[in-house]
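Only one structure is covered here, and it is reproduced in the block below.
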Amino acid sequence: MKGTLVVTGGSRGIGAASAGLAARKLGCAVAVNYRNDKAAADRVVAAIKAAGGKAIAIQGDTGKEADVVRLFAEAERRLGTITGLVNNAGVIGPVGRVDEVKLADLERLWAVNITGYFLAAREAVRRMSTKHGGRGGAIVNITSAAVRLGAPGEFVPYAASKGATHSFTIGLGREVAKEGIRVNGVEPGLIDTDIQTPGRVEKFGPAVPIGRAGTPEEVAEAVVWLLSDAASYVCGSILTVSAGR
């Protein structure tokens, strides 16, 4: 996949790993989106450039429409034709029981994990769809095994937001398949990133059938495969990367 790949939440974890691997394996330019941590995003960009790739960091809150529109406009202006999107930016949201949830926490969760995915995909489709004069491309939405597990007592709202991502992936995949765009999702299990609450990886890692938590790099391999031409007949699918969990 040549052209430009936009990775939301690309400064850390799965986003950072996907950005770096895509640049190396697919040869695409990468727009690394971040919300707050500019230094982390700059490190991702520097690593891509050190390996001979092309990348830029673009600040933006994907829960805000104006920021998403600006992200894509700037990525296209500075890097060229957009041919891929990794919808990765996300927040855990309120941790605890549902009867303790505060409205403000829910609103932020929905804004980033659901609305943000829709807005980013909208901007990508407007540029990639052959219906709009584009040359096609691929979208990968990052979801979660929490959809199947429910995460009771921890983060049911987060699981619900990722359930929306599942439905969105299937529906959008069928909607734009004939317009040259493949839309798929990756469903990570327990992955050792800083989005996890303290002690969670150590607590649940041994219970995973393979005996440990996964790494961002292991998830990135699935993401980049779905972006690549090797997955040319894969559309509207969710690829589980959870070591049997």
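Let me spell it out: the conditions are (1) crowded, with 20+ Cβ neighbours inside 10 Å; (2) touching a Ser or Thr at 6+ places or on another chain (Cβ under 6 Å); (3) β-branched (Val, Ile, Thr), and ILE114 meets all of them except one. Which number is the exception?
(1)
Which of the residues spanning region 216-237 are of a type in the set (A, V, I, L, M, F, W, C), under 24 Å from ASP194 (Cβ atoms) and surrounded by fewer than 19 Cβ atoms within 10 Å (Cβ to Cβ)?
Correct list: empty.
Scan region 64-73 and tell me whether some residue there is at pLDDT 95 or above, closer than 18 Å to ASP194 by Cβ and not aromatic (Phe, Trp, Tyr).
no
What single numbered condition from (1) loosely packed, with under 13 Cβ neighbours inside 10 Å; (2) at positive phi; (3) touching a residue at least 40 places away in the same chain (Cβ under 8 Å) fails to hold for GLY52?
That leaves (3) as the condition not met.
State all residues of region 200-245 that are assigned to a helix (DSSP H, G or I), aliphatic (A, V, I, L, M) and within 20 Å of ARG24 (Cβ to Cβ); if no residue qualifies, say none. Let's see the steps before the verdict.
Pass one, region 200-245, residues assigned to a helix (DSSP H, G or I): 200-207, 216-227, 229-231.
The next check asks that each one be aliphatic (A, V, I, L, M); those that pass are 201, 207, 219-220, 222-224, 226-227, 230-231.
Within region 200-245, VAL219, ALA220, ALA222, VAL223, VAL224, LEU226, LEU227, ALA230, ALA231 meet the criteria.
Quick test for you: out of VAL98, VAL86, pick the one residue that is within 22 Å of LEU190 (Cα to Cα) and either at pLDDT below 95 or surrounded by fewer than 19 Cβ atoms within 10 Å (Cβ to Cβ) (or both).
Result of the check over VAL98, VAL86: VAL98.
Would you say GLY185 is free of Cβ contacts under 8 Å to residues at least 24 places away in the same chain and out of contact with any Lys or Arg (no Cβ under 8 Å at 6 or more places or on another chain)?
Spelling it out, it is not the case that GLY185 is free of Cβ contacts under 8 Å to residues at least 24 places away in the same chain and out of contact with any Lys or Arg (no Cβ under 8 Å at 6 or more places or on another chain).
I'd like to check something: does region 191-214 contain any residue that is touching a strand residue (DSSP E or B) at 6+ places or on another chain (Cβ under 7 Å), within 21 Å of ALA22 (Cα to Cα) and modelled with pLDDT of 95 or more?
The answer is no; no qualifying residue exists.
Residue-wise test of (1) outside any helix (DSSP H, G or I); (2) out of contact with any helix residue (DSSP H, G or I) (no Cβ under 8 Å at 6 or more places or on another chain).
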| site | (1), (2) |
| --- | --- |
| ARG135 | yes, no |
| ALA138 | yes, no |
| ASN141 | yes, no |
| SER144 | yes, no |
| TYR158 | no, no |
| SER167 | no, yes |
| VAL183 | yes, no |
| GLN196 | yes, yes |
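Can you list the strands (runs of 3 or more DSSP E) lying wholly within region 1-74 that have 3 or more residues being more than 18 Å from ASN113 (Cα to Cα)?
29-34, 55-59
The values are calculated or read from the model by the stated rules, or taken from the named source; none is laboratory data. Keep in mind that this is a model prediction, so the values were computed, not measured. Ideal geometry is used to build each Cβ from the backbone, glycine not excepted, and the neighbour counts take in all protein chains shown.
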